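Asker: Handing you this structure, nothing more for now.
The values are calculated or read from the model by the stated rules, or taken from the named source; none is laboratory data. Bear in mind that the values here come from a model prediction, so they are computed numbers and not experimental data. So basically every Cβ, Gly included, is an ideal-geometry build from the backbone, and we count neighbours across all protein chains shown.
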Amino acid sequence: MGSYSGGSDWDDVPAASSFSAFKPTQSTPSTPSAPRAPAPGEPEAEEPLAAPASGTKARLNAIFAFDTTGSMTPYVENVQQKMEYLAAGLLKLLDMEISLLGVGDHGDGKNMLQIKLFSSDLAVLKQNIHSLLPTDGRDTPEAFECLFKVLNSMEYDVPTVLVVVTDSIPHGMKGFTGTDDGCPFGVDYAHELAELRTRLKNVYLVSYATDERILALQEELVGPNAFLKIPNFWRLTNLVMAICMNEVGELDFFLDLLEKQRGRRRRDEVLELLGRH
């Protein structure tokens with residue numbers, strides 16, 4: 001796998017009147033570097049799920065948004081390692097296109113948002129996740145309000161879900177008592193998220209935050225049914241797949257497949273993460 005490393009683009013933040021700098025960009029496939037050995041205690045790399053043919057596949061697109069600030073590095077690295085497992089599995093199970101993107105903060109210049117076009121090409125998706133650069137952030141909240149605004153400018157011709165993976169919150173949430181420099185673009189997260197909910201099938205937040213105050217605000221942001229707490233990054237890919245399969249009413253099929261190919265413990269892990277075990 002390629003290491004989650006690189007430098008932030010420290011260009012000036014674009015003018016508040018224009019979000020054109022954050023329009024999606026097309027990537028071309030490239031050959032990723034060799035995978036690294038698992039860390040101590042980390043499970044071995046997984047082969048993609050071999051889903052049996054089961055008739056017409058359900059149609060669903062997905063946007064996976066990753067917090068690219070430093071504390072989230074292990075999560076992005078894990079998805080970089082397991083993109084073939086994640087994407088190949090989903091593409092076998094669903095009629096799907098995937099958009100991968102990174103979210104930083106306003107001090108990260110043009111890397112505040114790194115948005116890639118929807119694709120069902122596995123090589124392109126692997127390149128897209130490997131091309132996400134780390135960002136430094138500024139204060140505790142990140143620029144999720146700007147993410148919502150940009151996503152509202154896009155068209156969605158098929159049912160689409162957004163899955164945000166973060167330990168943070170948007171700027172401007174009431175009840176947050178830490179440092180919040182606000183959004184220099186004047187974007188209201190609540191307004192943008194409310195509109196986005198009318199355009200997308202669902203919005204999920206997968207959290208690895210440890211601060212109880214942040215966790216409470218994250219749950220408030222998306223609601224208890226779309227808020228998922230994950231203790232470590234090793235099972236993130238299975239959880240994301242379960243979210244998508246649940247959206248099309250095929251969660252039981254996925255869990256049965258997971259148990260058959262990975263064992264009962266993997267099924268139980270996913271159910272526990274979904275709050276159903």
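Asker: Tell me which residues, restricted to segment 62-99, are touching a Lys or Arg at 6+ places or on another chain (Cβ under 9 Å), outside any helix (DSSP H, G or I) and of a type in the set (Gly, Ala, Ser).
Answerer: The answer is Ser99, and nothing else.
Asker: So in segment 71-117, with the set limited to residues that are of a type in the set (Gly, Ala, Ser) and under 19 Å from Gln127 (Cα atoms), which one is surrounded by the fewest Cβ atoms within 10 Å (Cβ to Cβ)?
Answerer: Per the stated criteria, the residue is Ala88.
Asker: Let me ask something else. Quick check: is even one residue across segment 141-148 within 22 Å of Pro74 (Cα to Cα) and assigned to a helix (DSSP H, G or I)?
Answerer: yes
Asker: For Asp181, work out the one condition from (1) at pLDDT 95 or above; (2) under 21 Å from Arg138 (Cα atoms) it doesn't fulfil.
Answerer: Among (1) at pLDDT 95 or above; (2) under 21 Å from Arg138 (Cα atoms), Asp181 violates only (1).
Asker: Could you please give the count of residues in segment 213-229 that are touching a helix residue (DSSP H, G or I) at 6+ places or on another chain (Cβ under 6 Å) and surrounded by fewer than 17 Cβ atoms within 10 Å (Cβ to Cβ)?
Answerer: 0
Asker: Report, by residue number, each residue of segment 76-99 that is in contact with a strand residue (DSSP E or B) (Cβ under 6 Å, 6 or more places away or on another chain) and not hydrophobic (A, V, I, L, M, F, W, C).
Answerer: Answer for segment 76-99, where residues must be in contact with a strand residue (DSSP E or B) (Cβ under 6 Å, 6 or more places away or on another chain) and not hydrophobic (A, V, I, L, M, F, W, C): Asp95, Glu97, Ser99.
Asker: Which members of segment 149-187 meet the condition of being among the polar types (S, T, N, Q), in a loop (DSSP other than H, G, I, E, B) and farther than 18 Å from Ser207 by Cα?
Answerer: Of the residues in segment 149-187, the ones among the polar types (S, T, N, Q) are 152-153, 160, 166, 168, 177, 179.
Filter once more, so that each one left must be in a loop (DSSP other than H, G, I, E, B): 153, 168, 177, 179.
Correct list: Ser153, Thr177, Thr179.
Asker: Follow-up. Just checking, does segment 34-51 include any residue being crowded, with 18+ Cβ neighbours inside 10 Å, modelled with pLDDT of 70 or more and assigned to a loop (DSSP other than H, G, I, E, B)?
Answerer: no
Asker: Can you tell me which residue in segment 150-199 is surrounded by the most Cβ atoms within 10 Å (Cβ to Cβ), limited to those that are of a type in the set (Val, Ile, Thr) and more than 20 Å from the chain's Cα centre (by Cα)?
Answerer: Val187
Asker: So Ala123 passes all but one of these: (1) among the hydrophobic types (A, V, I, L, M, F, W, C); (2) surrounded by fewer than 20 Cβ atoms within 10 Å (Cβ to Cβ); (3) closer than 20 Å to Leu200 by Cβ. Which condition number does it fail?
Answerer: Answer for Ala123: the failing condition is (3).
Asker: Another question, then. Identify all residues within segment 200-212 that are outside any loop (DSSP other than H, G, I, E, B) and loosely packed, with under 14 Cβ neighbours inside 10 Å; write none if there are none.
Answerer: Within segment 200-212, Glu212 is the sole residue that qualifies.
Asker: Within segment 100-126, work out how many residues are among the aliphatic types (A, V, I, L, M) and either within 22 Å of Thr140 (Cα to Cα) or part of a loop (DSSP other than H, G, I, E, B) (or both).
Answerer: Looking only at that region, the number is 6.
Asker: Quick one: how many residues across segment 247-268 are within 20 Å of the chain's Cα centre (by Cα) and either among the aliphatic types (A, V, I, L, M) or surrounded by fewer than 19 Cβ atoms within 10 Å (Cβ to Cβ) (or both)?
Answerer: Final tally of qualifying residues: 2.
Asker: Let me ask something additional. Restricting attention to segment 127-140, and to residues there that are buried (at least 24 other Cβ atoms within 10 Å of the Cβ) and either hydrophobic (A, V, I, L, M, F, W, C) or part of a helix (DSSP H, G or I) (or both), which single residue is farthest from the chain's Cα centre (by Cα)?
Answerer: Just the residues of segment 127-140 that are buried (at least 24 other Cβ atoms within 10 Å of the Cβ), to begin with: 128-129, 135, 137.
Okay, now just the ones that are also either hydrophobic (A, V, I, L, M, F, W, C) or part of a helix (DSSP H, G or I) (or both), so 128-129.
Numbers: Asn128: 13, Ile129: 10 Å.
Among residues in segment 127-140 that are buried (at least 24 other Cβ atoms within 10 Å of the Cβ) and either hydrophobic (A, V, I, L, M, F, W, C) or part of a helix (DSSP H, G or I) (or both), the one farthest from the chain's Cα centre (by Cα) is Asn128.
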